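Okay, so here's the structure we're looking at.
The values are calculated or read from the model by the stated rules, or taken from the named source; none is laboratory data. Keep in mind it's a predicted model, so treat the numbers as computed, not measured. Virtual Cβ from ideal backbone geometry, glycine too; neighbours counted across all protein chains shown. Side chains included, ligands, DNA and RNA excluded: accessible areas come from the protein's heavy atoms. Shrake-Rupley method; radii C 1.70, N 1.55, O 1.52, S 1.80 Å.
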Amino acid sequence: MEVVIVEKPEEIGRVVADAVAGVLASRARPTLGLATGSSPLPVYQELIRRHREEGLSFQAASAFLLDEYLGLDAAHPELYRTFAERSFVGQVDFEQGRLFGPDVHAKRADVSCKEYEAQIAAAGGIDLQLLGIGSDGHIGFNEPSSSLGSRTRIKTLTRATRCDNARFFGGQIEAVPRHVITMGIGTILEARHLVLIAMGEGKATCLAEAVEGPLTAMVPASALQLHPHATIVADEAAAHKLKLLDYYKETYREKPDWQGC
Ligand code: F6R
């Protein structure tokens, strides 16, 4: 696992956008897994900037949502599909119909989960999966106690997560849906490169547990320890509880070019 510690959100954007640009340049049909929420925003802003100013193109790419709320009206602005279109996909040159997500409005959400897994497989799997981390250690919406081998399925959000996300729903916890469809931890681990972004003091404890604690279903993000190519990009506030902080900084500072992103 590589741990990159940066000083400013713009640096998070730059580091992760370099990895995304690498995928776009090296794959004929690149596939990106998109997280929503606050963490990936500096990345999306940098990718939009590179698209507008440097011609970075997403024309050959497909994007897959990491998760989606169940029970939100199709016109709701906080639907993750709408969020992803607004904050990234709709601002660059993805081809129409190349943003995929589980169909949360189908009669059988359980069938949607299986279909979504099949869509990811048909696209050849995900090249680079962006992740945030919940303050309770979740990735996607795999809450603590989620099976480390889980596949895309319906999950119930914890009260802690609904509290965290109430800021997107006018501060009303009751307005935050209870249920979601999320890629499972097993699904996430199949992506070829995992990039987890953590910003702010509120992520310090869960990040330390995920990176340096034991592998446990109680900290779903600890599953990244199993992945052969996982990158954590964190700001100082999120990283300060890491025991090997100085080692990670030195390793990144001295990183040889041949190692790549
Ligand atoms: C969002 C997602 C969640 C968030 C996590 C952190 O698609 O899957 O795991 O990444 O809840 O949210 P933020 O980034 O808003 O702190």
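Just a few scattered comments:
- If the condition is being out of contact with any Ser or Thr (no Cβ under 6 Å at 6 or more places or on another chain) and either in a helix (DSSP H, G or I) or open to solvent by less than 40 Å² (accessible area, probe 1.4 Å) (or both), then the stretch 116-135 contributes ALA118, GLN119, ILE120, ALA121, ALA122, GLY125, LEU128, GLN129, LEU130, LEU131, ILE133.
- Counted residues, the stretch 17-34 - those being closer than 24 Å to ILE139 by Cα and free of Cβ contacts under 8 Å to residues at least 12 places away in the same chain: 0
- Which listed residue, of ARG81, ARG14, is farther than 28 Å from TYR116 by Cα, free of Cβ contacts under 8 Å to residues at least 60 places away in the same chain and either out of contact with any strand residue (DSSP E or B) (no Cβ under 8 Å at 6 or more places or on another chain) or open to solvent by 50 Å² or more (accessible area, probe 1.4 Å) (or both): ARG14
- Considering the stretch 162-194, and only residues there that are among the acidic types (Asp, Glu) and buried (at least 16 other Cβ atoms within 10 Å of the Cβ), the residue that is farthest from the ligand (Cβ to nearest atom) turns out to be GLU190.
To keep it simple, each residue is scored yes or no on (1) within 13 Å of the ligand (Cβ to nearest atom); (2) at pLDDT below 95; (3) over 18 Å from the mean Cα position of the chain (by Cα).
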residue	(1), (2), (3)
THR205	no, no, yes
ALA210	yes, no, no
GLY213	no, no, yes
ALA230	no, no, no
HIS240	no, no, yes
GLN259	no, yes, yes
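- Some residue of the stretch 59-71 being within 20 Å of the chain's Cα centre (by Cα), closer than 18 Å to MET183 by Cα and acidic (Asp, Glu): yes
- No other residue among GLU115, GLU46 is more than 19 Å from GLY186 (Cβ to Cβ), at pLDDT 95 or above and among the acidic types (Asp, Glu) apart from GLU46.
- Residue within the stretch 102-115 that is within 14 Å of the ligand (Cβ to nearest atom) and surrounded by 20 or more Cβ atoms within 10 Å (Cβ to Cβ) present: yes
- Meets criteria (in contact with a helix residue (DSSP H, G or I) (Cβ under 7 Å, 6 or more places away or on another chain) and surrounded by fewer than 14 Cβ atoms within 10 Å (Cβ to Cβ)) for GLU201: yes
- Enumeration of residues in the stretch 209-261 that are exposed (fewer than 12 other Cβ atoms within 10 Å of the Cβ) and of a type outside the set (A, V, I, L, M, F, W, C): PRO214, PRO228, LYS243, ASP246, TYR247, GLU250, ARG253, GLU254, PRO256, ASP257, GLN259, GLY260
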